[in-house]
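No lab work stands behind these numbers, since they all come straight from the coordinates. Treat the numbers as computed from the prediction; the structure is a model and nothing was measured. When we count neighbours, we look across all protein chains shown, and the Cβ atoms used for this are built from the backbone with ideal geometry, even at glycine.
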Amino acid sequence: MTLSQDRINNIIRCINKNKYTNDEIMDLYDIGKNTFYKIKNNINKKNIYNSKRNTKRNTKITPFIKKYIIGYVLRKKFFNYKKIVQLIYKKYKTIISKSSIYNILKNNKIKKKRSTRKYY
């Protein structure tokens, strides 16, 4: 069951008044313990209660790092990913994984085979 914003605001007002106990508020608004404590804990954190969670992840790979990786790979005939990891750590103080490097290359249509092929 999804609670309307008006109902959530009424619950928050009751919690802030300290006139009712927790059990009385749960009975009054017919909500479960989990829902009640989610609302109560979010008040303390100064967040507005929302049933949907934030699914976007924060990334440590900035656009500057992406440009650096792409530029490095395109300049070299073949590269070693360990060398890129070391260079990025020295320059940006960020540790990234091998898969992150190859995902950046894949998203920019730079193939692993093309970038690591040796020319004789």
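From the C-alpha coordinates alone, can you work out the Kirkwood hydrodynamic radius of the range 5-44, in Å? Could the numbers behind the result be given before it?
On the way: mean 1/r = 0.1006 Å⁻¹.
Mean inverse Cα-Cα distance, inverted, gives 9.9 Å.
Each residue of the range 18-33 in order: what ³J(HN,Hα) in whole Hz does its phi give by Karplus 6.51 cos²θ - 1.76 cosθ + 1.60, θ = phi - 60°, with x for Gly and Pro?
Listing the rounded values in order: 6, 8, 10, 7, 4, 5, 5, 5, 4, 5, 4, 9, 6, 10, x, 4 Hz.
Given points 7 Å out from each Cα along the Cα-Cβ axis, report the K38 to Y89 separation in nanometres with one decimal.
Each label point is offset 7 Å from its Cα along the Cβ direction, giving 4.1 nm.
Any idea what Rg and Dmax come out to for the range 63-116 if you just take the C-alpha atoms, in Å?
10.1, 28
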